[in-house]
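Report on the following structure.
The values are calculated or read from the model by the stated rules, or taken from the named source; none is laboratory data. Remember, it's a predicted structure, so these values are computed and weren't measured experimentally. Every residue, glycine as well, gets a Cβ built from its backbone with ideal geometry; the counts of neighbours run over all protein chains shown. The area values use the complete protein model at the heavy-atom level, side chains included, leaving out ligands, DNA and RNA. Shrake-Rupley method; radii C 1.70, N 1.55, O 1.52, S 1.80 Å.
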Amino acid sequence: MSAFYIVVPMKLLSDTARERSVWANRDFLYLWGATVISQLGTQITFLGLPFLAVTMLNATPLQTSVLATLGWVPVVALGFVAGAIIDRGRRQPVLIWCDVARAVVLLTIPIACLFGGLSLWQLYAVVLLTGVFSTFFDTAYQARVPSLVPAGQLVAANSGLEIAQSGTRIVGPGLAGALIALLTAPLAILLDALSYLLSALLLLGIRAPETVSDMPPLGTRANRPLRVDIKEGLVFFWREPLLRSLVGCTVLMSVGWALVEGIFLFYLIRTLGLDAGLTGVIFSVGNVGLLVAAAVTGRLVGRWELGPVVGSAVVLHAGGILLIALAPLAPLPFLITGYLVRAAAVVAYNISQVTIRQCVTPSQMLGRVTATARVISWSSIPSGLIIGGLLATAIGLQTTIWTGALLSCCACIPMILGGVWRVRRLSVPSAL
């Protein structure tokens, strides 16, 4: 499929009035509500599990690092398998059962605390298992969205889901801290388990069908090995110029920021001499930028269309990191502006690139294509964090920040060469 001649037969993406009508879509509202509830619960566990490890089990810094790292393992290790399995059947049951499974796994923590049997190994197992079910859930829900809303509402739907995730990142940590202080960490995690069950109940309310024509023939799904399905997804991904270009942009942007993210606090404190209060202001403003960008991206796409929004987001992301690198000239103005611009650019980019992926990929391939993009993109982040730490040790904090900024600028290359910036209107393709 050419990256330059993708046309929708109706005026959909430019019709902002129609895009707003996604909020009148009952099924989408159920999915959105489930996302808000489960994401809030996830924020509780994100803080609660390390808190338990440190306060109740006397975990060392190395052990808490292992706990955090285990959450990344399932995405990289099982991403391709998850995509292939999800494309073999309906996505709705996967979403519901993953929520139920995560609730059951988390319930083991307050039960173990009640009977005095909590161990660090159990926390490791909980993080790993919830990561497995989250890998399947996240892949399935992105593949489910195009069957809930028409093509012209995909940008609005993805914007709404990004608003949910960005909003929970803003209020979630504070809420999690308050609940842990008020109820203790085990009871707070119990609330997270209940949030997943409530999310599953909302998902049960979705009535939009996943038609049989969207899926491969039953005999094909049942009889061929998973590796064949995985290979088919990889081949489709590689042969689609837009998908290749977008993942190239994503990797360069992710690694560029990862070089900075791992040493960012050291940069603020040691190089720029900021205190905890000013550091908190920078992060808070950046998080607000996430929410604002999620709210306005749909309007920007309606006015400029998808390609220019993606291109602008790539440029602004690099520009934000460049401002952070220039922060010694005027620390607070450059840091606040740079962090805000970079955060907003990431949200606008994610909404637009997910929409493009959903539009150029047939429904029966969407699980595998989503998984491929996630595996490639997410596996680059831990590598970037480690490389950033090594570079900071070898060449210094300031030079490492500049390296991340320049690497982010390189994301413009696949965006331009792949013709992403030329994309205008897209339609969801029919089944292969």
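Based on the Kirkwood radius over alpha-carbon pairs, what is the Stokes-Einstein translational diffusion coefficient of the range 157-199 at 4 °C with 1.567 mPa s viscosity, in µm²/s?
For these conditions, the coefficient is 114 µm²/s.
Kirkwood-based Rg over Rh for the chain (C-alpha set), two decimals?
Rg/Rh for the chain comes to 0.96.
Share of the chain's accessible area from carbon and sulfur, percent, 1.4 Å?
71 percent
Can you pull the accessible area of residue 395 for me, 1.4 Å probe, Å² to the nearest 10?
For residue 395, solvent-accessible area is about 80 Å².
Using the Karplus curve 6.51 cos²θ - 1.76 cosθ + 1.60 with θ = phi - 60°, what ³J(HN,Hα) values do you get for each residue of the range 262-273, in whole Hz, with x for Gly and Pro?
For the range 262-273, the Karplus curve yields x, 10, 4, 5, 4, 4, 5, 7, 7, 7, 9, x Hz.
Round to the nearest 0.05 the FRET efficiency obtained for residue 207 and residue 275 when R0 = 45 Å and r is the Cβ-Cβ distance.
After rounding to 0.05, the efficiency reads 0.25.
Per 0.36 nm of contour for each residue apart, how much would the distance between residue 228 and residue 69 grow if the chain were fully extended, relative to their Cα-Cα spacing?
54.3 nm
What's the magnitude of the charge dipole for the range 41-144 around its Cα centre, counting Lys and Arg as +1 and Asp and Glu as -1 at the beta-carbon? Answer in Debye, nearest 20.
Using only the charged Cβ atoms, the result is roughly 240 debye.
Over what distance in Å are the Cα centres of the range 333-360 and the range 246-299 separated?
11 Å
Can you tell me how the range 251-399 classifies by the Cα gyration tensor, rounded, prolate or oblate, using a/c under 1.5 as the rounded cut?
Oblate.
In vacuo Debye scattering of the range 248-321, one point per C-alpha: log10 I(q)/I(0) at q = 0.17, 0.18, 0.21, 0.23 Å⁻¹?
-0.81, -0.88, -1.06, -1.14
Could you give the length gained by full extension between residue 170 and residue 406, i.e. 0.36 nm per residue of separation minus their alpha carbon distance, to one decimal place?
82.1 nm is the gain from fully extending residue 170 to residue 406.
Defining a contact as two alpha carbons under 8 Å apart and six or more residues distant in sequence, what relative contact order in percent does the chain show?
Rounded, it is 29 percent for the chain.
Quick one: Karplus J couplings for the range 184-190, per residue in order, coefficients 6.51, -1.76, 1.60, θ = phi - 60°, nearest Hz, x for Gly and Pro?
5, 4, x, 6, 5, 5, 4
Could you tell me which of rounded, prolate or oblate describes the range 95-188, using a ≥ b ≥ c as the square roots of the eigenvalues of the alpha-carbon gyration tensor, with rounded for a/c under 1.5 and, failing that, prolate when a/b is larger than b/c and oblate otherwise?
Cα axes put the range 95-188 in the oblate bin.
With a 10 Å radius around each residue's Cβ, average the other Cβ atoms per peptide and rank 269-278, 318-327, highest first.
Averaged packing, sorted descending, gives the order 318-327, 269-278.
Which percent of the Cα-Cα distances in the range 160-313 go past 28 Å?
Pairs farther apart than 28 Å: 53 percent.
Largest first, how would 243, 391 line up by accessible area (1.4 Å probe)?
391, 243
Between residue 183 and residue 261, how many nm apart are label points set 7 Å from Cα along the C-beta direction?
Going from the residue 183 label point to the residue 261 one covers 2.8 nm.
Calculate, for residue 330 and residue 386, the FRET efficiency according to 1/(1 + (r/R0)^6) with r their C-beta to C-beta distance and R0 25 Å; round to the nearest 0.05.
Computed FRET efficiency for residue 330 and residue 386 comes out at 0.20.
Of 398, 178, 64, whose Cα points farthest to the positive end of the dipole of the chain (charges on the beta-carbon: +1 Lys, Arg; -1 Asp, Glu; origin at the Cα centre)?
In the chain, that residue is 398.
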